[in-house]
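Read through the structure below, which is laid out as structure tokens, and then see the notes.
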Amino acid sequence: MLTHPLLGKLKQLRLSGMLETMAAREELARTTHLSCTEFLALLLDDEIERRRQTRLLRQEQAAGFECPRRLSQFDFSAAPTLDRAHVLEMASCQFIARHENWLICGPTGTGKSHLATAIGYEAIRQGMRVVSGHTHHLAADLIAGRSDGSHARRLNKLVACELLILDDFGLRPFSPSGAEEMYELIRRRYERGSIVLTSNRAPEEWPAVFGDGLLASAALDRLTHHAHVTCIEGVSYRQRGRTGQPRERSYDASEGGGHAPAA
């Protein structure tokens, strides 16, 4: 198709992608006797879908996902007590439209990051901006931004997206500067944007991660208000073949805004 007579004109209009399906559409038009209008409509539909897929790919790359995990790949049979209906409800992303949070805690390897990333992909498919990263890396980036003049830009990126995924929250305690950065991030997003957070620690352990009682109280009060909390109990998927299956319980902490009970 590099020598197609329309190539130059399509390039001028930035529609050269149409050539990818031009031959197939021409053959379809001949065999089904499509009108000129119908033929053009098919080509335009192809171009719209091509641009949509390109936009999705660009947004997925910009989100910073560590691995491409989709909800269709999640093995619900490996977690038989996981409330599948609740997970599918969260995958509708209505909680993001309501600026609510989803907090997922449990031992290493029980599917927390998979669920968080899968929700991120679903949000992007619905036209939402998503940023994902390990919590301590994001805090370190914000701290680094204060020394090179990029702090405001970095913070605004994390605040402006519809969904922020904080993976491995509490895996490492925050430094004093990191605790301040995380508090400010949570404060700025409160009732303006959703957070999906994963943690190996039980919720009652989260205050200790901040190392400052006042910052912890202020941050976690905002984080857990309007929050759905899922605690997965069990062992790593990598160890399940030897030690059995995990258990999970899920509850909604949006009423009253209190901290989640112990896992």
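Identification of helices (runs of 4 or more DSSP H) wholly contained in segment 1-91 with 2 or more residues that are touching a helix residue (DSSP H, G or I) at 6+ places or on another chain (Cβ under 9 Å) and under 30 Å from residue 229 (Cα atoms) yields 36-63, 84-91. Among the residues of segment 175-188, the one identified as surrounded by fewer than 21 Cβ atoms within 10 Å (Cβ to Cβ) and either under 17 Å from the mean Cα position of the chain (by Cα) or among the hydrophobic types (A, V, I, L, M, F, W, C) (or both) is 179.
One line per residue, one yes/no per condition, for (1) touching a residue at least 40 places away in the same chain (Cβ under 8 Å); (2) in contact with a Phe, Trp or Tyr (Cβ under 9 Å, 6 or more places away or on another chain):
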| site | (1), (2) |
| --- | --- |
| 53 | no, no |
| 66 | yes, no |
| 73 | yes, no |
| 76 | no, no |
| 81 | yes, no |
| 84 | no, yes |
| 111 | yes, yes |
| 116 | yes, yes |
| 121 | yes, yes |
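Checked against (1) touching a Ser or Thr at 6+ places or on another chain (Cβ under 8 Å); (2) small (Gly, Ala, Ser); (3) at negative phi, residue 64 passes all but condition (3). When segment 1-40 is filtered for residues that are among the small types (Gly, Ala, Ser) and surrounded by 13 or more Cβ atoms within 10 Å (Cβ to Cβ), the ones remaining, listed by number, are 16, 17, 29.
Checked against the criterion of being touching a Cys at 6+ places or on another chain (Cβ under 9 Å), over 24 Å from residue 84 (Cβ atoms) and in the same structural domain as residue 78 (by TED's automatic domain parsing), segment 151-166 has at least one qualifying residue.
Taken together, the residues in segment 134-174 that are surrounded by 20 or more Cβ atoms within 10 Å (Cβ to Cβ) and part of a strand (DSSP E or B) amount to 5.
The values are calculated or read from the model by the stated rules, or taken from the named source; none is laboratory data. Keep in mind that what you see is a predicted model, and the values were worked out from it rather than measured. Cβ: placed from backbone, ideal geometry, glycine included. Neighbour counts: every protein chain shown.
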